[in-house]
Amino acid sequence: MRGRGLHRAGALAAVGVAAAASVACSVSAIGPHVIRTMSGLALVYTIRDEKGARVRVLRTGGVYQSATYLDDRRMEPVFEYYRSFGRLFEIMPTARRVLAIGGGGFAFPKLVASERPSTRVDVVEIDPAVIRAARRWFFLDEAVSLARASGGDLRVFCDDGRAFLDRGAGPYDAIVLDAFVGAEPVRSLATLEALRAARGSLVPGGVLLANVVSCDGGADVSFLRSFVATANVAFSNVKIALATDDEHAAEDNYLVVASDAPIDLPDAIPYDAEFLGPVLMDERDTQL
């Protein structure tokens with residue numbers, strides 16, 4: 001069962017970071033396809049959700065990294081936390097250039113391509129095998145065509161996300177962080193140096209968004225506490241909102257939003273200094 005300590009109490013008490021939602025679905029007889037990725041073997045296969053809809057999933061490291069519907073909803077995200085990234089356009093309605101670090105099944109870029117005309121999204125995905133899988137099974141090329149037809153763009157870069165930031169990417173209106181190896185977040189993208197590089201790649205008042213989810217049914221909260229503490233050093237404002245999908249998630253997902261500008265997030269969950277963990281630094285085992 002997923003953890004409940006945070007939003008039920010009305011203040012941050014227990015959350016963590018992980019890669020994917022767990023989906024309560026039955027496996028269909030379609031697939032699987034086995035692909036060799038940089039982090040090991042991955043599976044692409046089709047399941048059915050609780051309503052019987054066919055859902056294609058990308059599974060690696062024992063978790064679902066991404067998913068797509070196979071019907072006319074194929075540009076819509078299956079998982080709520082991907083839909084929560086779309087709140088970017090509530091927070092910053094003028095955003096027109098977005099960087100997404102972590103491609104997977106390209107759920108968020110597909111959402112932008114279908115719903116935000118004239119928006120340009122650059123996606124950095126380190127693994128060429130994942131990009132090939134997205135093109136073959138997750139409608140990436142269709143999304144690229146859709147984005148360009150609307151006056152925007154969807155560009156894919158096979159690159160290391162941290163290196164991309166360190167080279168001085170941008171400027172972007174927003175950066176979305178969703179990079180994981182299996183269920184483990186990529187630590188090099190959560191350190192103070194990484195978040196400062198992200199800040200330097202944003203326009204003044206730009207916004208950083210990250211997917212945050214509990215581990216071990218809400219018991220392991222250490223990474224999230226440190227991530228939020230680190231973001232508070234790099235940015236002037238950091239807020240957290242619930243992004244959990246009760247139908248699909250075994251854990252609680254949260255959206256972390258950071259900016260030097262004020263953040264209008266009416267359902268933000270309050271937290272205090274006691275919640276914050278050690279600040280993450282690039283050097284191994286070094287904390288601020």
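For P117, the requirement of being modelled with pLDDT of 95 or more and farther than 27 Å from A42 by Cβ is met. A single member of V112, V63, V98 is under 26 Å from H33 (Cα atoms) and either surrounded by 24 or more Cβ atoms within 10 Å (Cβ to Cβ) or among the hydrophobic types (A, V, I, L, M, F, W, C) (or both), and it is V63. Name every residue in the range 236-272 that is at pLDDT 95 or above and surrounded by 22 or more Cβ atoms within 10 Å (Cβ to Cβ), in order of residue number. Residues satisfying the conditions are V238, V257, A258, S259.
For residues that are outside any strand (DSSP E or B), touching a strand residue (DSSP E or B) at 6+ places or on another chain (Cβ under 9 Å) and modelled with pLDDT of 95 or more, tally how many sit in the range 164-190. Reasoning before the result, please.
Residues of the range 164-190 outside any strand (DSSP E or B): 164-171, 178-179, 182-183, 186-190.
From what is left, the residues that are touching a strand residue (DSSP E or B) at 6+ places or on another chain (Cβ under 9 Å) are 164-165, 169-171, 178-179, 182-183, 186-187, 189-190.
Add one more test, that the residue is modelled with pLDDT of 95 or more, and what stays is 164-165, 171.
Qualifying residue count, the range 164-190: 3.
Screening R155 on (1) at pLDDT 95 or above; (2) of a type in the set (D, E, K, R); (3) crowded, with 17+ Cβ neighbours inside 10 Å shows it passes everything except condition (3). For the range 129-145, filtering for residues that are out of contact with any Gly (no Cβ under 8 Å at 6 or more places or on another chain) and either among the hydroxyl-bearing types (S, T, Y) or not in a helix (DSSP H, G or I) (or both) leaves 2. Among the residues of the range 132-151, not a single one is over 21 Å from Y82 (Cα atoms), at pLDDT 95 or above, surrounded by fewer than 18 Cβ atoms within 10 Å (Cβ to Cβ) and of a type in the set (D, E).
Filtering the range 91-104 to residues that are at pLDDT 95 or above and not β-branched (V, I, T) leaves M92, P93, A95, R96, R97, L99, A100. None of G206, G218 is more than 15 Å from V63 (Cβ to Cβ) and modelled with pLDDT of 80 or more except G206.
Filter the range 101-128 for residues that are of a type outside the set (A, V, I, L, M) and part of a helix (DSSP H, G or I) and give the result.
Residues satisfying the conditions are F108, P109, K110, S114, E115, P128.
From the list I126, I101, which one is closer than 21 Å to A198 by Cα and in contact with a Cys (Cβ under 8 Å, 6 or more places away or on another chain)? Walk me through how you get there before you give the answer.
Working: I101 fails: in contact with a Cys (Cβ under 8 Å, 6 or more places away or on another chain).
Only one candidate passes the filter, namely I126.
Residues in the range 66-95 that are in contact (Cβ under 8 Å) with a residue 60 or more places away in the chain and in a strand (DSSP E or B) were compared, and the one that is nearest to T37 (Cα to Cα) is S66.
The values are calculated or read from the model by the stated rules, or taken from the named source; none is laboratory data. Just so it is clear, the model here is predicted, and its values are computed rather than measured. Positions of Cβ are generated from backbone atoms using ideal geometry, with glycine treated the same way; all protein chains shown enter the neighbour counts.
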